[in-house]
Each structure stands twice: as C-alpha cells, then as structure tokens.
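Let me begin by presenting the structure, written as structure tokens, before commenting on it.
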Amino acid sequence: MKFYSVNEIENMYVYGRTVVNDDCIPLFWNHSGVEVRVTGSELWIEVETDCGHLEPWIATELNGAMMSRQMLMPGNHSICLFRSFSPDTVKTVKFYRELQAVSEDFKCKVLVKGFRTDGEFLPVLKKKAKLEFVGDSISSGEGTYGANDDTEWTACYMSSSRHYAHILEKAFNADVRIISQGGWGVYSGWDNDVRHNIPSIYEKVCGLQEGDMNVALGAQKENDFESWQPDAVIINLGTNDCGAFTLPGFNHDITEFEEASISFLTNIRDKYPKAKIVWAYGMVGNDFADVIDRTIREYNDRTGDEVEYLELPNTTSETVGAREHPGVLANKLASDVLVDYLINNCGLGENN
C-alpha cells in the first residue's frame, strides 16, 4: 500500500468549515470530515487526536451506510476503513467527527493526515444541495445515543450520525455544515451567560476553539463565506435563551433577545444573499415560539426579507433520548417536517 498525504489527493471532498493545512485537515465541527471514492482492496486513514476532558468520537460510512463509531484517545491512529474487498470495485468512504467543537477543551482536536491504500482515488460524485445548520445541543446531536435514563454529560452521547441534519443530508444528497454548541443561544446561554451566544463566534472558521494550537491550525481565521454558499440555512436556536429566563437573578429583557436575533439574521443574509433562511424551533419545548415568530416578522418588516418560522415536533416520553434530549425518533420526526418544507419552499428534490 501507498501513503497519500491530504495535499496529494486531488479527488477528496472536505466537509465542514475548516482549512487545509500543509500536513493535515482539522475537523473542528461535528459532522466535518472527508470523503473519498477509491478502488483497491483496502483503505486506511491516518489521524492525529488529542483532548483534555472530552475524547473525540468519530464515525465512518461505506457507500452511504454507517459502518463504525468510536472514541479516539490522544495519539496517532491508523484506522482501517475497509479491507479484503475486490480491488476493482469502487467504494465511497466518508470519515467524520461526531463530537461538537468543544469550547471548554482547547486541547481537543481531530486532524486528518492522509490515507494508505492499494487503490486509486477517483472523483467524488457531486452533491445536489448545500445546507447549513446553526444550533445548540440539539444540532450537536446530544441524546441520540445512550439509554433514555442516561444523564451524564460526556462525549459519547453527542453525535451527528443519526440526528436530523444527517437525515436531511441523506434525503437531499447534500453537503451539510453544522455550527452548533450545546447550551448556547442567540443572546444568552442556558446559564444566563451572555458570552455563550452563537453570533459572537459565527464569523470565524471555528470561533469556539481558542488557544495557541487551534490558532495555529486556523480555527480563528475569518471564514470564507463566499466560497461556500448554501441553498438553505436552518437555524435551531432559542431553547437555551428561553431556559435562561427561568433562572434566579435573570436580568435581561426580551427585547435584547429580539434585537440579537434580528442582528444575527441580518448578518446571515449578508453572508448568504441567495439562501433560504428558516428558523426551526420546538424540539425541546416551544415556550419561545411566539417570541421567535414575532421577531422574524419584525426582521422581515424592517428588511423586506422572507425568513420563515417553522414549528418542529416537541420531544415526548416516547421520542426522548439520553440526557432528556431528543432521541433518534424525535430527530426523525423533525427531519420529516424539514424535508417537506425544503421540497416545497426551496425547490430541493429528495435524493431518492
């Protein structure tokens, strides 16, 4: 077998906001990854990882089907993606990060260094759509793995391999990007901390990842929005802002949330002038539904834009997952609503 570094492979598709460095591709966000289409009897990926308190989890797919999911301890890893296959058949392999970007762990990293194979790299088939998801723990896939009564806050319960964004990726054969952080909001996090808001880190490649290592990898670079223009942006925020209102000592006014939301929508529209923007909400309670709907209408009145509000099915005792978050079934029900919406309002056709 021959080793190919990441900058030697022309026919490689890169998912997620990142930068391609001379010797590696950092996977900063959940669902960021690489996809290759190869011949050969076997394929291995070379990865370097590190972490402080949250070990990164990764997943692999073969020909569109989930094949493995695992935790990676700090170090260099040679991971077999397939072997003992017919050398002449063409295989499509995707490797991606499951764990969200970790704002509390600046050591956490997943670096793709290259591949080893006895085959040939072929062009990856073109994607039919581009979708960006902006959210919190729901969009980080928290609760989609684990037993319903599991409550530990740890990396194994976060994933992007079977939550609603992944389902939409399959439905539309889409290139999906996820910008999410558990506990964060539009104006304030669940903990009433106004520093924990997604708009404040949205401009960077991965504004959540600070520290010298992440700066060197490119996380704090300004994101090149023009190079990747989505067909639709799906915002799923407000759950944590709403939760903060129930905390003792909350000293914010609802108008601060509304103005922060209008400012964020204005920024997204500036970055993506042709994208359909929809604010989808309601998977973990809908107490802020009227507030978000009213805010969107106010934004549209001010700007003449046509952002829409979409109510998603609330999670129930039958659809809940680990950590009292939406489980697999809850994500499936939400994706059904979003698939229907995108078909009817964005001109996207289902992959099948």
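Rolling a 1.4 Å sphere over the protein heavy atoms, what is the accessible area per residue of the chain, to the nearest Å²? Walk me through the numbers before you get to the answer.
Working: 14370 Å² over 352 residues.
For the chain, the solvent-accessible area averages 41 Å² per residue.
Taking all protein chains as present, what is the carbon and sulfur share of the accessible area of the chain, in % to the nearest whole number, probe 1.4 Å?
48
Which whole-number percent gives the relative contact order of segment 269-326, counting Cα pairs below 8 Å spaced six or more residues apart?
Working: 53 pairs, mean separation 24.4, N = 58.
Reported relative contact order: 42 percent.
Could you pull the accessible area for Ile343 with a 1.4 Å probe, rounded to 10 Å²?
Surface open to solvent at Ile343 totals about 60 Å².
Run the helix sum for the chain: -39,500 (n - 2.57) per DSSP H stretch of 4+ residues, divided by residue count, reported at 222 nm to the nearest 500 deg cm²/dmol. Provide the component values of the computation, followed by the final result.
On the way: 6 runs with 73 residues, N = 352.
Calculated from helices alone, the mean residue ellipticity at 222 nm is -6500 deg cm²/dmol.
What is the magnitude of the charge dipole of the chain about its Cα centre, with +1 placed on the Cβ of each Lys and Arg, -1 on the Cβ of each Asp and Glu, and no other charges, expressed in debye to the nearest 20?
Details: 31 positive and 54 negative charges, 246 e Å.
So the dipole magnitude of the chain works out to roughly 1180 debye.
Sequence gap at least 6, Cα distance under 8 Å: using those rules, report the relative contact order of the chain to the nearest whole percent. Intermediate values should be presented prior to the final figure.
Numbers: 853 pairs, mean separation 63.4, N = 352.
Relative contact order here is 18 percent.
Of Arg323, Arg162, which has the most accessible area with a 1.4 Å probe, and how do the rest follow in descending order?
These residues rank, largest area first, as Arg162, Arg323.
Relative contact order of segment 227-287: what whole-number percent is it, with Cα pairs under 8 angstrom and at least 6 residues apart? Display every interim value, and only then the final one.
Working: 41 pairs, mean separation 40.6, N = 61.
So the answer I get is 67 percent.
Hey, of (1) 134; (2) 171; (3) 180, which did the structure itself give for volume of the Cα convex hull per residue in Å³ when calculated?
(1)
Specify the inter-centroid distance of segment 140-197 and segment 76-110, based on alpha-carbon positions, in whole Å.
Using only Cα atoms, the two centres lie 19 Å from each other.
The values are calculated or read from the model by the stated rules, or taken from the named source; none is laboratory data. None of these values were measured; they are calculated from a predicted model. Glycine gets a Cβ as well: all are built from the backbone with ideal geometry, and neighbour counts include every protein chain shown. Surface areas here come from the heavy atoms of the whole protein model, side chains and all, with no ligands, DNA or RNA. Shrake-Rupley method; radii C 1.70, N 1.55, O 1.52, S 1.80 Å.
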